[in-house]
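Participant: Pasting in a structure now, in structure tokens, and then I'll have a few things to ask.
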Amino acid sequence: RAFLTLPQESDSFNLVQLLCLLTCYLQCSTNSAQTWSFHVLSVKAAMQIGLHSLETTQNLPLLQRELYKRTWFWCVVNDT
């Protein structure tokens, strides 16, 4: 079993988006049992870079702040 090591913050945001996309794809595929594995990894990566926290993103440019907020919302929606 391979383990995923999370990269630095700049790459982690792209990784969160990729994992959310994989979660959505797997929900509709024949491999839906793997969905939760990718979802857990996306939430873990999102929390590590602070997507869930307003304090983390308050000093970012408006566009980047909005991207972070929407990506965190995507993680939340995948959970439902």
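Participant: Among 46-53, 57-64, what's the highest-first ranking by average C-beta atoms within 10 angstrom per residue? Kindly include the intermediate steps, with their values, before the conclusion.
Facilitator: Working: 46-53: 17.4, 57-64: 10.1.
Ranking, from highest mean packing down: 46-53, 57-64.
Participant: Rounded to two decimals, what is Rg over Rh for the chain when you use alpha-carbon atoms and the Kirkwood radius? Before the final figure, lay out each step's value.
Facilitator: Values: Rg = 12.8 Å, Rh = 12.9 Å.
Here Rg/Rh amounts to 0.99.
Participant: Would you mind working out the magnitude of the charge dipole of the chain relative to its Cα centre, with +1 at each Lys and Arg C-beta and -1 at each Asp and Glu C-beta, to the nearest 20 Debye?
Facilitator: Working: 5 positive and 5 negative charges, 24 e Å.
In debye, rounded to 20, the chain gives about 120.
Participant: Taking a 1.4 Å probe, which of Phe38, Phe13, Phe73 shows the most accessible area, and what order do the others take after it? Intermediate results must be reported in sequence, preceding the final value.
Facilitator: Numbers: Phe38 60, Phe13 25, Phe73 130 Å².
Of Phe38, Phe13, Phe73, the descending order of accessible area is Phe73, Phe38, Phe13.
Participant: Averaged per residue, what accessible area in Å² does the chain show with a 1.4 Å probe, protein chains only? If you can, show how the numbers build up before the last one.
Facilitator: On the way: 5760 Å² over 80 residues.
Using a 1.4 Å probe on heavy atoms only, each residue of the chain averages 72 Å².
The values are calculated or read from the model by the stated rules, or taken from the named source; none is laboratory data. Remember, predicted model here, so these are calculated numbers, not experimental data. No Cβ is skipped: glycine too gets one built from the backbone with ideal geometry, and neighbour counts run over all protein chains shown. SASA here: full protein model, heavy atoms, side chains in, ligands and nucleic acids out. Shrake-Rupley method; radii C 1.70, N 1.55, O 1.52, S 1.80 Å.
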